[in-house]
Amino acid sequence: MDEVQLMERITTDPAIYGGKPIVRGRRLAVEHVLRYLAAGMTTEELRADFPWLEKEDVQACLTFALRAFQSVAGEREEPVTLSQAS
């Protein structure tokens, strides 16, 4: 799945968390996923707590964070193609 496809998983809805970026229109903000990961939670643990969450959703949150960092740091954004590991 390429970066563009990953970013399509991140949406906003003014009715959910005041329009903060969320995962696929659900009540799970990108910010929440990043906080869970920063606290040491694994993708598998996240998916156990949120059964609808897909591995690509977590990758999308990380990509979103990277883009935000690059924007603040003034770095140029270039599309990245991610390969699926078996």
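The values are calculated or read from the model by the stated rules, or taken from the named source; none is laboratory data. These numbers were taken from a predicted model, which means no experiment stands behind them. Reconstructed Cβ throughout: ideal geometry from the backbone, glycine too, with neighbour counts over all protein chains shown. These accessible areas exclude ligands, DNA and RNA; they are computed on the full protein's heavy atoms, side chains included. Shrake-Rupley method; radii C 1.70, N 1.55, O 1.52, S 1.80 Å.
All conditions but one from (1) at pLDDT 95 or above; (2) in contact with a Ser or Thr (Cβ under 8 Å, 6 or more places away or on another chain); (3) outside any helix (DSSP H, G or I) apply to V58; the one that does not is (3).
Scoring R9 on the criteria (1) modelled with pLDDT under 95; (2) open to solvent by less than 40 Å² (accessible area, probe 1.4 Å); (3) not small (G, A, S) leaves a single failure, condition (1). Here W52 meets the list (1) modelled with pLDDT of 95 or more; (2) open to solvent by 70 Å² or more (accessible area, probe 1.4 Å) almost entirely, failing just condition (2). Do we have V4 as in a helix (DSSP H, G or I) and touching a Pro at 6+ places or on another chain (Cβ under 7 Å) here? Against the criterion (in a helix (DSSP H, G or I) and touching a Pro at 6+ places or on another chain (Cβ under 7 Å)), V4 qualifies.
Entry remark, region 12-48: residues being open to solvent by less than 50 Å² (accessible area, probe 1.4 Å), in contact with a Ser or Thr (Cβ under 7 Å, 6 or more places away or on another chain) and in a loop (DSSP other than H, G, I, E, B) number 2 in total.
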